[in-house]
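Bear in mind these aren't lab numbers, they're just calculated from the coordinates by the rules spelled out. Computed from a prediction, not measured in an experiment: that's the story for all the values here. Cβ coordinates were reconstructed from backbone atoms using ideal geometry, including for glycine residues, and neighbour counts include every protein chain displayed.
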Ligand code: CA
């Protein structure tokens, strides 16, 4: 059994998320896939960034004061690519400027830059050629409904650009993921996406999409997802409950497997473990040996691979 390791925003436990440095490191660590979150600039360029906002991962407030919307946030959609290229890409901050993970890369330092989705694929092409080890891409369409309100349709642009990836002809090297179940339906039925699709599953309280995740994880909801998607990407909290200090699995993974779907949960972080687990190893043992997940999103690909090797999952 080989569990796929997806480098979550690159090796984001070590270097600022989604920077080229984080992607190169993840590739050298042996990650099977490098993840891209994709959002659109004002001039309809696709860039690799987790949020529709710039302020929690760049110095935009310093370089472009006065360009925030009424809610105080700086939106990618309000900036041209040329402007975004002038920004420093920083370790993730809270809105007050403090580090989300204080032990990680020092906050508000470094000379990393934001780059485009195409540039990232060209980088991975080069790394794959240079090392002889073929890592795949795992692209997420961020907030598609919001982007359409803003006048840009992300999905067709993204599907077209994936062809720049040398592995585009190999369905084992590309995944397309989205939180929005309406967009997953569209990817499959209208846009005829030719790569495996993963329906991400979060919690309704995050308001990530109009999708009702509580309904999506029911047997009827999952059966509907299985008509459209090749797999699910559930939040770790949906995989188990803690009862009297004991970990008890939910039926989600088994139900998805019974429907022929793969399961790639998120996010595995040795510095931010979910309730009930005292180490990354304990969490991996549960997810891999008991639940038999097919792959996972990790901020620490090296630690994850090392542990998976010790439990014969690599
Ligand atoms: Ca993502």
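Give me the number: length gained by fully extending residue 210 to residue 190, i.e. 0.36 nm times residue separation minus the C-alpha to C-alpha distance, one decimal in nm.
5.3 nm
Provide the packing ranking of 76-85, 137-146, i.e. peptides ordered by the mean count of other C-beta atoms within 10 Å per residue, highest first.
Highest to lowest by the protection proxy: 137-146, 76-85.
Rg(Cα) of the range 1-93 divided by 2.2 N^0.38 Å?
Expressed relative to 2.2 N^0.38 Å, the Cα Rg reads 1.18.
Quick one: what Rg and Dmax do you get for the range 121-165 from the alpha carbons, in Å?
When restricted to the Cα atoms of the range 121-165, Rg and Dmax are 13.7, 42 Å.
Tell me the label-point distance for the pair residue 43, residue 310, using the 7 Å Cα-to-Cβ offset, in nm and rounded to one decimal.
5.0 nm
Let me check the size of the chain from its C-alpha atoms; what are the radius of gyration and Dmax in Å?
18.8, 55
Report the label-to-label distance for residue 246 and residue 69 in nanometres (one decimal), using points 7 Å from each Cα along the Cα→Cβ vector.
Distance between the two pseudo-spin positions: 4.8 nm.
Based on DSSP H runs of at least 4 residues, each adding -39500 (n - 2.57), what is the mean residue ellipticity at 222 nm of the chain after dividing by all its residues, to the nearest 500 deg cm²/dmol?
Value at 222 nm, helices only: -7500 deg cm²/dmol.
Relative contact order, percent, of the range 236-314 when contacts are C-alpha pairs under 8 Å separated by at least 6 residues?
28 percent
Could you rank the peptides 239-247, 205-213, 295-303, 178-186 by their average count of other C-beta atoms within 10 Å per residue, with the highest value first?
Per-residue Cβ counts within 10 Å, averaged per peptide and sorted highest first, yield 295-303, 178-186, 205-213, 239-247.
Round to a whole angstrom and tell me the spacing of the C-alpha centers of the range 92-161 and the range 41-57.
9 Å
Apply the Debye scattering formula to the range 166-271, with a single equal point scatterer on each alpha-carbon and no solvent, then give log10 I(q)/I(0) at q = 0.21 Å⁻¹.
-1.15
May I ask for the distance between the Cα centers of the range 182-222 and the range 237-260, given as a whole number of Å?
Using only Cα atoms to place each centre, the spacing works out to 19 Å.
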